[in-house]
1. Calculate, for A:Ala235 and A:Arg169, the FRET efficiency according to 1/(1 + (r/R0)^6) with r their C-beta to C-beta distance and R0 35 Å; round to the nearest 0.05.
2. Step through the residues of the stretch B:532-546 one at a time and calculate ³J(HN,Hα) from phi using the Karplus curve (6.51 cos²θ - 1.76 cosθ + 1.60, θ = phi - 60°), rounding each to whole Hz and writing x for Gly and Pro.
3. Alpha carbon centre of the stretch B:300-375 versus the stretch A:51-128: separation in Å?
4. With a ≥ b ≥ c taken as the square roots of the eigenvalues of the C-alpha gyration tensor of the stretch B:11-275, please select rounded if a/c is under 1.5 and otherwise prolate if a/b is larger than b/c or oblate if it is not?
5. What ratio of Cα Rg to 2.2 N^0.38 Å holds for chain A?
6. Near the amide H of B:Ile587, under 5 Å away, which other amide H atoms are found, from residues 5 or more places off or on another chain, if H is placed in the peptide plane?
7. Taking the Cα atoms only, what angle lies between the long axis of helix B:486-497 and the longest principal axis of chain B, rounded to 10 degrees?
8. Please list, by residue number, every one of the trypsin sites (Lys or Arg not before Pro) in the stretch A:8-38 that is coil in DSSP and has at most 14 other beta-carbon atoms within 10 Å.
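Here, each number is a calculation from the coordinates, and none is a lab measurement. Because the structure is predicted, anything quoted here is derived from the model rather than measured. Neighbour counts run over all protein chains shown; Cβ positions are idealised from the backbone, glycine included.
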Amino acid sequence: MSEHTQTGLKRDWFTIKSLVSRDFKLKYRRSVLGVAWSVLNPLLMMCVLTAVFSTFFRFQIEYYPFYLILGNTLFALAMDAADSAMYSIIDSESLIKKIRVNKIIFPIEKVLFQLVNFITSLIAIVIVMIFLQIPPTFNLVLLPLLLAYVTIFSLGLGLALSALAVFFRDVLHIWSVVRMAWMYATPLFYPTDILPEWMMTFEAFNPLYHFVTYFRDIALWGNTPGLGENLICLAFAVVTFAVGFIIFRKTQNKFILYV
Amino acid sequence: MSQQVITTLLSDKSAEIYDPAVPTMIDVSHVTMDFNSASQQLNSLKEYFIAAAKRELMFKRFRALDDISLTVQKGDVFGILGTNGSGKSTLLKIVSGVLDPTEGIVAINGNIAPLIELGAGFDYELTARENIYLNGALLGYPKPFIDEHFDAIVDFAEIRPFLDMPLKNYSSGMVSRIAFAIATIIVPEILIVDEVLSVGDFMFQQKCEKRIQKLIHEHGTTVLIVSHSSDQIERLCNKAIWIEKGHVRMVGTAREVSQAYQALGGHEGSPEAERKIFEYVANDTPPLLDISETVAGADHYDTNAAVVGKMQATEHFSKVIIAWGESLSAQMAALSLAGNIGGIVLLTDRDHLPHATLTMLAAIGPQQVWYLAPPNADNQVLSSLRAAIPRSSSVETIDYESIDDLTAKISILAGKVTGGLTPQECERTFAVVTGEALGSASATFAPLIARGCPYFAITKEELIGRTLEHISESGIERVVILGQGSLLTAFAEKAAGDGLQVTHLEDKRCDEDNDAALRWLAEFADAGNKSAGLYLCAREGVVDALSVAPLAASDNGLMLMVDHNDMESMGRAVDIIEQYPTPIDRITYLGSDVCFNNIDKMIIGRAVGRRNG
């Protein structure tokens, strides 16, 4: 090997970093407010949803706007990550066909890019906390752990979707429906206590329910998630990742023939 | 309809070019690549299940490569030649690891820098600076390395003033410059080059080639290169392979493969014709370049003037005929007149007298000039014509409305000037007839016309009768019709009805037309048998054949029209040369390199060499 080229993880990591920085630059290029949109967007969404839901449903939730923004941003992180990962292979067609490159970097890059976006939108969450005078607790140190669960989970989902989408473009259409159903099935803007009994049983198997609740626990309610809750989240993340990774590995050599 | 492409193995010298002392860098062993062409359209579940139900999933198989083996050794510059769609790029993709072969093994010994389709991975919204880092990352360079070589890349690509401009505002040439600069900034052990040198302007191509040469000579980089240009392969490579539709056709030294490819690649024809030509390419008898000569002017006025100049060196012409250079039949008619009256033909444009013609007129200083004025000709031609010749000389203008009109007038004129007697009496017993266009056999007949054989053109139905009258008045017994069309068919029927012996050579293929023309000439005109000179005219260069015809006529030469892209035509020409009854001591090629390239000349030269023994 010549000394100028590198292989393995180090090389891939630099490639991923470069791609994330490309996506980041392109996202805000030529917008007046630029990165500020990452903060403004969740705030504005929160205002709209608060206006809508507190008028129509009158849920009795303390700090409703904060409840909303926590659920929405975390859900958006998981879904946007899976979503953009799903398109990553198809969109990288020209690269895959021309350069010998580790294909898994494309979904990973997209997931990490969404994570970066999420971290910027944390500013919005802080602003809401200050505005509503919600005192931060030490539980917030668990946030990186939660983000790790969500990222690994979304990556697994994204890997599976990206591989399947190469072979069946139907996946792209099915996924948008699934995503919407998932959004309504997860208590993002309604309280859990309005759910019927059977629905609560279902929520036990909804990873997003666990992640969102975890987030609200540490940021809003000041609860410390127990070991059991952590293990459940970890299990969801690891199993999803394993399944996605296996699907991806088994099919990636055939991508070039189908993209 | 294009013919079936020949894909059989011509010659495999891979054992001869293999040097056991040198390490192998790339070993492609029995690689087959199948694309499932059906699967490419199956992008939805429904289609998939329908196809699965019909059991069509694996059936529509397209074999891009079929059992290809290839060994590239350290320091080799290995060229891959082949026409479009022959599988060259697929092979490169397999070697560079982008594609996995269906069968077979590829072993690589060293790091590869693939230059396959430059600029893959560029984002046109980003600036050049950002793209250099992004592309570098995709090619596997660490950041410090890019930092270190950033200036070198920018300087090589010559884009410093535009570094912070989005790539979408760049020209495609600039983009490929950047891509090439990034890809070659490292010193790879194996460099893979896919037609990249065909992009960008001439200066850039040279620069790229220099860079590749530097990698080869200073760093001992092994190179695998794909190109359409056999010249480039011959210049850069030491070994080469020629693949066609996924099959190996030839492996050997770059020189022999590129020569064979130039002579045969992408040309139509039968395997027999190909074998024959290949035998001449692979053979190393001297190609007799010392007796070859190429006549090629800047344009056909120039070529014509050059030939006249050449003839004037040995013979003085006092009679000059000026004909319209844009009309082949007008030139042919002038040729016939010149042969009759012992003059020479010069060409003019419709609205001015070309410089080459003017110069030649001044050099000859003719006493008599006939100006065959084309319809709607500019008067300026006539005035500059008068100014160019001695005051005492006479100029007779012959106006004509159509080419039929002209040929009829000329036939009368020829009789008047020579008083009914012709220099070569035998050639007055037959006439050549064409339509507006001349068939491919006309080159073979051109020397005959230049010796004074009457010539008639038919472009209007109502003139068939008049032309036939002229023909019978002149005591002509035989008519050769060159070319096709309903007018000529009608003429052939009427002529046969009038008791003339008619031979109709339709414009088919160069080889058949040459054959038919030569047979006719051997039977009726007894021409060409005593010749020592061979004149070769390209299919696209009939006009030059007409210009050179007087020269060929003067030495009783053999003139052939060859379509060098058609192996049948080349093969037939080689046959005719080989079987020619007398030794050939001069070969004249009409037209530039576009008409006959070095390989064509080599093949013809070797055929002549074999004929002469």
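1. Calculated value: 0.65.
2. 10, x, 10, 10, 10, 10, 7, 4, 8, x, 4, 4, 5, 4, 5
3. Measuring centre to centre over Cα atoms gives 82 Å.
4. Oblate.
5. Relative to the 2.2 N^0.38 Å estimate, chain A comes out at 1.07.
6. When sequence neighbours closer than 5 places are left aside, the close amide H contacts are B:Ser292, B:Glu293, B:Leu534.
7. 40 degrees
8. Here the trypsin sites (Lys or Arg not before Pro) that fit, given the DSSP loop and packing criteria, are A:Arg29, A:Arg30.
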